[in-house]
Amino acid sequence: MATLRERVIAALTPYVGATVADTCVRGTALSIGKSADELNDSDLPALESNVRRLLSPVAPSTVIDDLLAQIERGN
Amino acid sequence: MSAQTSAPRARGVITSGTYLTAGVLVALAAIFSFLSSQMYAGTLSDGAYTAAYWYGTLLQVLLASVVITVALKIGLNQRVGVQWLLVGSGVASYALGDIVWTVLDLHMGLDPYPSVADVFYVLQYGFFVAALVLAVRSYKDLTPVRTPIMIAALVGLVLTAAVLMFLLVPYIFPAGTAELGFWGLVVSTFYPLGDVLLIFSPALALSLVIRQLGAGRLGWPWWIVVVGAFVFALTDTAYSYADWAGSGLTATLEMGWVVANLLFAIAALVARDAYRVR
């Protein structure tokens, strides 16, 4: 089973590239006082909120909803 | 990097409908290129010349409608939708300017430069700079934007100095109102400066921002917009010089604006696919 970090990066990379995807995860982890590798499913709400905030200026909400669903499903 | 996290290939994202539509638009532009060369060569009959003239003008209307349609489909309640509507409004302003230009030049026998058409051409700069600035700002929480903006501003200042030194001071300003007329001097000064400060520099800033996305698909349409903006700025500046030099419009210059707006239309089509939920 992929970690939450890996799932988020896998979902975001096709849209914003690997570097920005990684930055996105690290930023979220920092904002809740964790490292990216320490993120787990209990952090999903904070992570989703942050991903939505970061992506809403650059992508339609349908894309963001789909990405978040992918992250939750883990594929 | 695993295959799961790799950036997408264009073939998997861009739909056949986009390739087909873009192909049709490129073909229509190629037809105009041929017609334009015949117009400038003076080989067309009066009727054929009028038809070819309007063909080019209506092609711009078609390109504008493509961008605006995509923007409306994305939705104006989405911030990216607004960004694309601004791009589309810029192309539409250009198309309106072309309609006015065509009527003045073709049907009223008036010199269309400068004229009411320039109101729409100038308006286009406002829409483009708003679109480009919004696009840059939209990435501010995802990637660093301050350095790209500073680099673009610096390059913009250098190019502004170059435009002043090599175009405005030696050619446009000495011609003054006596040769160009008041509005002629105003627009002949505005266009090259606007091309550098309102089109080229913001486009450069955008390119430096989206390059940080690597192969991420959200950057694809903006890359095409950036190329279109560069083509537009180059064509416009060349026209300012050509107008002063007395050579006026040429078939190549005409195609520069067509290619720029064609690129904006193709960018919108690519955006539609890039924003599509898989």
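A few points about this structure:
- Within region A:1-21, the set of residues being more than 14 Å from residue A:54 (Cβ to Cβ) and more than 9 Å from every other protein chain (Cβ to nearest Cβ) comprises A:1, A:3, A:4, A:5, A:7.
- Yes/no for residue B:43 being open to solvent by less than 30 Å² (accessible area, probe 1.4 Å), farther than 30 Å from residue A:62 by Cβ and hydroxyl-bearing (Ser, Thr, Tyr): no
- Looking across B:172, B:210, B:199, one residue alone is in contact (Cβ under 8 Å) with a residue 24 or more places away in the chain and either polar (S, T, N, Q) or farther than 26 Å from residue B:268 by Cβ (or both). It is B:172.
- Just one of the listed residues (B:48, B:30, B:22) is open to solvent by 50 Å² or more (accessible area, probe 1.4 Å) and either at pLDDT below 95 or of a type outside the set (Lys, Arg) (or both), namely B:30.
- Of all residues in region B:68-88, those that are more than 8 Å from chain A (Cβ to nearest Cβ) have Cβ atoms under 6 Å from Cβ atoms of residues that are of a type in the set (D, E, K, R), 6 or more apart or on another chain, in B:70/B:272.
- Restricting attention to region A:54-75 and to residues that are among the β-branched types (Val, Ile, Thr) and crowded, with 16+ Cβ neighbours inside 10 Å, the residue that is farthest from the other protein chains (Cβ to nearest Cβ) turns out to be A:71.
- Qualifying residue in region A:39-53 (condition: away from chain B (no Cβ under 13 Å) and at positive phi): no
- Scanning region B:229-247 for residues that are at pLDDT below 80 and within 14 Å of residue B:196 (Cα to Cα) yields one hit, B:240.
- Among the residues of region A:22-33, the one identified as open to solvent by less than 30 Å² (accessible area, probe 1.4 Å) and within 8 Å of chain B (Cβ to nearest Cβ) is A:24.
- For region B:1-19, the set of residues classified as of a type outside the set (Ser, Thr, Tyr), modelled with pLDDT under 95 and assigned to a helix (DSSP H, G or I) consists of B:3, B:4, B:10, B:11, B:12, B:13, listed by residue number.
- Within region B:239-278, being within 14 Å of another protein chain (Cβ to nearest Cβ) and either in contact (Cβ under 8 Å) with a residue 12 or more places away in the chain or assigned to a helix (DSSP H, G or I) (or both) holds for B:268, B:270, B:271, B:272, B:273, B:274, B:275, B:276.
- From B:230, B:264, residue being on the phi < 0 side of the Ramachandran plot and open to solvent by 40 Å² or more (accessible area, probe 1.4 Å): B:230
- Residues that are open to solvent by 40 Å² or more (accessible area, probe 1.4 Å) and either at pLDDT below 90 or in contact with a strand residue (DSSP E or B) (Cβ under 7 Å, 6 or more places away or on another chain) (or both), drawn from region B:157-169: B:166
- Residue within region B:213-221 that is assigned to a loop (DSSP other than H, G, I, E, B) and buried (at least 19 other Cβ atoms within 10 Å of the Cβ) present: yes
- Count of region B:130-179 residues, restricted to those that are among the aromatic types (Phe, Trp, Tyr) and within 13 Å of chain A (Cβ to nearest Cβ), is 1.
- Per the listing B:87, B:91, B:80, B:122, the residue uniquely open to solvent by 10 Å² or more (accessible area, probe 1.4 Å) and in contact with a helix residue (DSSP H, G or I) (Cβ under 9 Å, 6 or more places away or on another chain) is B:122.
The values are calculated or read from the model by the stated rules, or taken from the named source; none is laboratory data. Worth saying up front: this structure is predicted, and the values here are computed from it rather than measured. Note that each Cβ is placed from the backbone with ideal geometry, even for glycine, and that neighbours are counted across all protein chains shown. Ligands, DNA and RNA are excluded from the accessible area calculation, which covers all protein heavy atoms including side chains. Shrake-Rupley method; radii C 1.70, N 1.55, O 1.52, S 1.80 Å.
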